Structure formats: C-alpha cells, structure tokens
1. Arrange the peptides 494-507, 726-739 so that the one whose residues have, on average, the most other Cβ atoms within 10 Å appears first.
2. Which residues does the label zone of Q458 cover in segment 539-555, counting backbone N under 12 Å from a point 7 Å along Cα→Cβ?
3. Between R394 and V262, what is 0.36 nm times their sequence separation minus the Cα-Cα distance? Round to one decimal in nm.
4. Could you calculate the FRET efficiency of R473 with R51 from 1/(1 + (r/R0)^6), where r is the beta carbon distance between them and R0 is 45 Å, rounded to 0.05?
5. Grab the beta carbon distance between L495 and V642, set R0 = 41 Å, and tell me the FRET efficiency rounded to 0.05.
6. What length, rounded to one decimal in nm, is gained on full extension from F288 through to E559, with 0.36 nm per residue of separation minus their alpha-carbon distance?
7. Given a Förster distance of 35 Å, report the FRET efficiency between L749 and Q705 from their Cβ-Cβ distance, rounded to the nearest 0.05.
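Values quoted throughout were computed directly from the atomic coordinates according to the rules given, and no laboratory measurement underlies them. Bear in mind that the values here come from a model prediction, so they are computed numbers and not experimental data. Here the Cβ positions follow ideal geometry from the backbone for every residue, glycine too, while neighbour counts run over all protein chains shown.
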Amino acid sequence: QSSNDDITRIDLLASKVRVDVMQGHLLELRGSRMSGAIPAAQCCIILAAKRLPVPPACAVVAKAVLSQLLEQNPALAELAGAASPSASEQLAQVIAGYGKGDDPNETLLLDAQGKIIVSPIAQAMQSKGGGKAEAGLWQKLDEMMTQCLCELDSLLAIRGFELHPHHLNGLFDIDACSMPLVAGEGSGGGSQDRLGLLPKAWAGFVERPVSDAREPPNIYLELMPLRLHCELRLVRLKLDVGSMQEAEEILREAESRLSRCVFLLPWLYVQFCIMKFQWRRLTYQLGFARESPPPDAPNDAIYRDPKAFADGKCPPTDSPLFRTFVQRARAPSLALGSEWVPPAARKGEDDLSRFLQELVEVLGMAAKGGGHDYAQVFALLREGLEEVLRVRGRGHLEPATADLAHALFSALVATAEARKGLFFETASTAPPAPMDPKAKDPKAAQIGSVPPPIDTTQLPARVALDILNSLKRQGSDKDQDLAYSTTACQEAHKLLPFRAVAKHALSLRHECDVFGSIYHRERLLGDQLHVALMQTSDMYVKAKILDDAQLGTITSPVETPCSGDILVHWARPDTGSLEPLPSEHLAFFMFVCPMSKDEEVQGDAAKPMVARCNDVNLVALRRLVDGLSADLLHCRPAEIVVTTYVQHQLRSFAQVLRGASVDPETVVLGGDAALDAALSSLLLVLAPDGGEPPIEGGEPAVPAQLESGKVCDLLKVLLQLLGHSDSAAKVSHPHLGGLLRAVLAPLCLS
C-alpha cells in the first residue's frame, strides 16, 4: 500500500498471487469485496497493461499462473470475469483484503442466530450445474497464452534478440555439426543419415578464434526458457482443440528456441518431447500425417515435398527448378533440428524400434535430471503404448507385440508404485518379517532397516537452510512443547533425517505441480534435490525412481507371463476435439494376461488381450467407486451376500467400462450372451460351495447367496482396478479375467 510507483505494485501483486495460491486463497468474497489469487492476478495484469508500455516479466508470469488456475478450476472462469471492477477499485479491494484472515467466531455467530448464508460463488456454481467447463474456456486460455508470447517477444526485442535473423552470422555461435542424426538406409541401398525424431537436449556453442571480429550475439537471456515454457503450454491447448497446423508451427519455433537457451532445464526439454510425440500421434489419428514421397514418385510429388530444398542448394538459373526453389526454399537453420516429415514407409518395415529407442532416452533423462516428474513419465509411456498399438496393434496380436505392450504396461504400473513409495501404502508393501528370537541382537535388524541420515553438504545449500529453519520454527507455538532441543538443532547442521529431506522434496514437487513449473528456480531446486537424493540414498532410488532394468524391457521385452494378471492405465482423453470435454471423461488402456499354462485353458483365455476406451464417464465412475467402497464395508462383517445385488453391481461395472457411447441395453440380462455367460461363471465361483456347473443347453444354476469373503476379495480387486487417481494398477484375480474379456470384447484392439 505504501508503494508509489507502478512497477513496484505490479511486482508485489505478482508475488501476492503466488502466496495466495500456496495458501489456498483462490477467490473469496466478503460483501462486494473480492480477494484471493485470481483478483490479484487480474489487477496485476490490468495495471501492467494500462500503466506500462511493455508489461514486465512478473506480470507475464502472473498471467500464466492465472491461466493455470482457470484451467484447473474452470468453474471460477466466469465468476472471476463477471462484473469485475476497474483497475483502481480492484487494487483497493486487494489492498484492503491483504493480511486479513477469516474471523473464527463469524461462523459460530451465524449458527447461533440461525442464519444460513450461501456464498455467491456456491450459488453460481449450483446454477451452472456444478461448474462444468465450457468450450469457450479453451479459447480464453488460448488468448491469454498468446498474449504472454507477444509480451515476451516485446521484452526480448528490447534486448536485441532475433529467433530467425536475416543474416545467418547471427547464428554463428551455434554448432551446426551437433544435429541429431540416426543411421539409415537410402533408396539406393547405401548408408544414409536421417534426422532423429527429437532434437538434442543441449546445444553446442562454437568458440570464436581471436581473429574473429564479428560482434557476438546476446545468448544469456533469462526470458528464453520462460518463452519456451509458454509456447509448450499453448501447444497443449492447440492440441486439445485439434489445431494441428498451428501446433506444428509453434513446435517448430520451440525447437529452434531450444538451441538458443544457454542452460535448458531438463524438465522443459522432456516437456517439448512429450508435446511433439502427442502432435505426431494426433496427426496420424486425425489423418493429417505427411510422408515424403518415394524415390520413384513423379517430379510433381517429389518437389512438393517440404524436404525437397532443405539443404538450401540453389539449382542453376537455367534449370526448370529454379523458380520453384525461389518460391519454396528458405535458408537452412543452423540450430538443432529433428525430423518432422518422415520418409516414405517401406513394405514390411516400420520405425518402431527407432521410436522406442529415443523414447527410452527421454525417459532416462526424465527419471534422473528431470526430477522424475511422474506426470511426464506417464505421458511418455502412454505415447510409447499408443505408437505400439498404432503400428502393430491392428489385427491379430502377435506374441512380440504382446510382449512389448506388456513391458510398457509394467513400466506404467512401476511408475504408479514409485509415486506412492515411502509415503503411501503400495501394492507391493509386505508386512514386516517376524523377529527371530534366536538372534543375538533383535533390535539390530530394525535399526538397520532405517535409512541413514543425509549429509547436509550433499544437499543444495538452500534446501539445507530451509529444513534447518523449519526445525527452528517447530517450537514457535505458545507452549513451545514441540521445540527441538539445542543438541538436535546442532546435529541437524551436519546430518538431516532421511524422512525430513524426502518430505521436503515431496513438498517442492507439489508446489511445482500447482504452478505448472512456471517458476523455474523452484523447478531447478527440486531437480537438484532429486539428483542429490539419488546419489546419497539407495532407499530413495529403489522406492521413488523407475530403474534402468525396467526401462530396458521396453527395447528388449521379455515374454508375457501366463498369470492371468490385469494391468490398467487411466489417462486423459486427448482426441483432438473438445467433444466430449476432457474434464468430464477419462480414457483407459487394459491388458489381460493369458491364463497359466498349467491349467486347461482354451480359446481366448490362452491369448493376451488389449483394449481401450476413450469416453468413460467420470461422474458415473466415481459413483460406482463410492458404491463399491460402501459395499466392501458392509460385506466385511456379513457372512453371505445376495446374488442379485452383486450381479447388479457387476453389470454397472461393465456399463461404466464400456463407455458413455455404448447403449446401456447391451449390459442388461439378455443383451449380450457372452457377458451373461461370463457373469454366471463368476457368480458360481463366488458361491459358498462352488455352485453347480452349467447345464449343457440350459441356463446355469446361479446360487441365490454368495460367500462374503470371496465377494470382499472381488470388491478389493475392482476398487484397485477402478482407481483412476493412481493412473495405473496391476491386479490378480483367478476368475475376473473371463468377465473382463466379455466386457471389453467390443473395445478389443486385437
């Protein structure tokens, strides 16, 4: 409030946006006064646009954070924009609400007076049917990110930066020999190098000789990574609405910008790779993919190829290609490049092995230098699975394809287990081993299982200071009964408990996820702490990181086990269209392993199965999970369960998995003969005495009551299978595979 210049106010408002988001204050109403992160961000943006010729970088970051908040909370988009006051009034409201918390006695007084006051935000959300996202929100977010790019370009132009300089001497500092090349075979049978699908992570810079008198360009620009970050976010919005051409143009510029960053965050490079993989997949899915013509194609097709004049060599002036070259050719970029238009495919050949090799390299970088962002690892593994299913998943599922798909599903499950490691219960968590009474020192084994403390000299200096300060603040309460002793604080200067450091790493990761990693210093600090824990703690490596052996199975898969296991991966449907809205639907991929070879299995049960669905209704899925959770609580103290109720719940389970576009009549009794037979077989297994075998030519004798223990085991497996928040899961049930094969038969890819 005491600041008199606009630059200071804008900077303080941008800082307030970050503090309010971390405290959970997004949008609050007290009378007619609005406060929180969203009003502060709007005020910061309006002040920067009206009072300054070019908005500063902090205002651009505030606009990017606002777009992130509106995307995460689409119900607040119209509420924040409706009846917004002027800049001066909004600034006064933000200043008036700063530092004033809620009155703890206000709610008690209202309850005592019998007054029920519904928040205007709640009223608006109820009137809009729960605040469902509208298609116009994506257009609004697109405009906000486009404005961020324009403002950052203005700031870079002030510093004299040009991404594509007219004079190529502006790129003489970039090593043109560092292009990512992959060996291939030319059309004539000789060896020929091809560009890789992805560019190199870091650019090479050429050291100038002493005799070079050219003025070196300015390459130390802190705004370059921020500009790249905003570009990648805009690409994701373009892919959501199916704007493939615009997404390709932005991605090509982002690829050129990679080589202009002196220090590029590994997280940003991995994010670029994900966006390019998604763009590539959607172009094939929507029919926009392009390929270079074969060598025997007519000249009209050959010289319409975008790579016809990629080398920049001008034909002679008397050549019939001279005018075509002048119209279509452009100066070759000296920056890092990659392949955008693949060569013509040959019969019986595919580039799947090359794709998987580059995918594993990016996964290795994401798991180590990139901070092991689990969202990025899930996205990369999904792209690998999508590519395998696109190239080799049509028709009969070959054993090699099934082994490769199973390796990717296993990596997805391992990533989900690693995300829950150290802090949450995982599927692989085993009870502690019983204590050996004959051991000389029974307590020694327990002490040895505790991870050793972390040396503070091995941690980033800021992390060590933050943890030490939090230990000092531990005793700042009124009674000071939680304060650490002086001896403990002195020891903490040398060694820190492993669990405290691991929790600090988790909090840094959550903070980066909330803001979409827009604050690169915090992202870098979290990545540095991740690398430090990798180097100092074996337990952290085993529990939280996808190991190299698991990644090696992607390029060298092992045989699919005949165990009957079921592996599932839940993901966001990105079909290149806003209908249906991604926030209301989910997609899943499911792999059903064949049954054991020891058992007498026939037909489809002896083969692996892969299925997918892109339109699972999220509301119906949550309702089903809530119902099954309540059923599990009710079944535990019971002895028997009524068969009709279990059958009804299993049919609801089948209806949800088949998707919202499938006719519900197909899951009722008589709608699908195969589903009815599989359901009857499962109910017979759940019977107390095993039930009677089906009568040949007649209806199976389904018992009227089922054993409670068997039903509880089935419900636990179903809940684990439907846990979409875990992103991936692996379940084992000896008789559920038959039901799932019948349920997923319309969705089967093999």
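1. Sorting 494-507, 726-739 by mean packing, highest first, produces 726-739, 494-507.
2. 539-541
3. Details: separation 132, 0.36 × 132 = 47.52 nm, distance 4.39 nm.
My answer for the length gained is 43.1 nm.
4. Efficiency, rounded to the nearest 0.05: 0.75.
5. Numbers: r = 59 Å, r/R0 = 1.44.
Efficiency computed from Cβ-Cβ geometry: 0.10.
6. Details: separation 271, 0.36 × 271 = 97.56 nm, distance 3.52 nm.
In short, 94.0 nm is gained.
7. For L749 and Q705, the calculated efficiency is 0.40.
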